[in-house]
Amino acid sequence: LLLGREHQLAALHEALESTRAGTPVTVYVRGRSGMGKTALVQAFLMELLTQEDALVLQGRAYERELVPYKAVDSLIDELTQHLMRLPIAERQAILPRDVDALGRVFPVLMRVPGLVEAPRKTTQRTNAMHLRRSAFLALRELLSNLGQQRPLVLHTDDLQWGDPDSASLLSEVMRPPRAPRLLWVACYRSEDEASSPMLRALASAGPRASEGSDVRHVDVGPL
């Protein structure tokens, strides 16, 4: 147990209980640099993993990394590794219908056995925005399928280093109605709220993207 962080840990567990009841929840863990945001979330995840059979996927954004969807890139890597470990029949049962679009936007997923050979919903795409939206919907479907099997928790660290494309993806995945039953925990530095392109994008989309959804904030201040 993290001394002095009992209230914040309880808030994370309450969010997880809401997902068990069928409500997708996004929790933003915010605080100034060095306040222990990552340590708090890691303690929560360790409690979760020792108590039950949950699927936890973790990633982070890096300040100087130049990749598309930088706030979710390492999460997709973890998702790829998980899919590769699944038995073939179980993996095929949860793949989204438009797996082709997902693989084209996130090529690392093409390493998953059987994904290249999966039926393609479309044979040609000329519109980049259409491809992106199709990939977002496919990821939403895949996470929804995973969340039906057991508790699903995604953790993104250093969200402030993300990009607007990542903000669009997160908003689309968690958009009501019928968003995947999961808990998405994202940590960010509160001092970067005004300067981060991703945090600004999330804030500007706030009332529309979060209408009808469950978005919570956990503040981590000095002990």
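Counting only protein heavy atoms and a 1.4 Å probe, region 1-153 has 52 square angstrom of accessible area per residue. Per-residue Karplus couplings for region 26-37, computed as 6.51 cos²θ - 1.76 cosθ + 1.60 with θ equal to phi - 60°, are listed in order as 10, 10, 9, 9, 10, x, 6, 4, x, 7, x, 4 Hz, Gly and Pro entered as x.
Which whole-number percentage describes the relative contact order of the chain, with Cα contacts under 8 Å and a sequence gap of 6 or more?
Normalised by residue count, the contact order of the chain is 34 percent.
Ranked by the mean number of other Cβ atoms within 10 Å per residue, highest first, peptides 6-18, 28-40, 175-187 order as 175-187, 28-40, 6-18. Working from Cα pairs under 8 Å separated by at least six residues, relative contact order for region 1-110 is 16 percent.
Helical content alone sets the calculated 222 nm signal of the chain at -14000 deg cm²/dmol, taking -39,500 (n - 2.57) per DSSP H segment of four or more residues and averaging over every residue. Per q in 0.13 1/Å, what log10 I(q)/I(0) does a Debye calculation on the alpha-carbon atoms of region 132-223 return? Scattering profile of region 132-223, log10 relative to I(0): -0.46. The stretch between D53 and S204, if pulled fully straight at 0.36 nm per residue, gains 50.7 nm over its current Cα-Cα span. Taking only alpha carbon atoms, the chain gives an Rg to Rh ratio of 0.96, where Rh is the Kirkwood radius. Taking amide H positions as modeled 1.01 Å from N, with prolines and chain starts lacking one, the residues under 5 Å from R60 and 5 or more places away or on another chain are S74, L75, D157. Across region 148-155, computed HN-Hα scalar couplings (Karplus, 6.51 cos²θ - 1.76 cosθ + 1.60, θ = phi - 60°) run 6, 8, 6, x, 10, 10, 10, 10 Hz from first to last residue, x flagging Gly and Pro. Between L223 and A194, the simple spin-label model (points 7 angstrom out along Cα→Cβ) gives 3.0 nm. Average projection, convex hull of the Cα set of region 148-195: 3.9 square nanometres. Once the Cα atoms are used to define both axes, helix 73-85 deviates from the longest principal axis of the chain by about 60 degrees.
The values are calculated or read from the model by the stated rules, or taken from the named source; none is laboratory data. From a predicted model like this one, the values you see are computed outputs, not experimental measurements. Note that each Cβ is placed from the backbone with ideal geometry, even for glycine, and that neighbours are counted across all protein chains shown. These area figures cover heavy atoms from the full protein model, side chains too; ligands, DNA and RNA do not enter into them. Shrake-Rupley method; radii C 1.70, N 1.55, O 1.52, S 1.80 Å.
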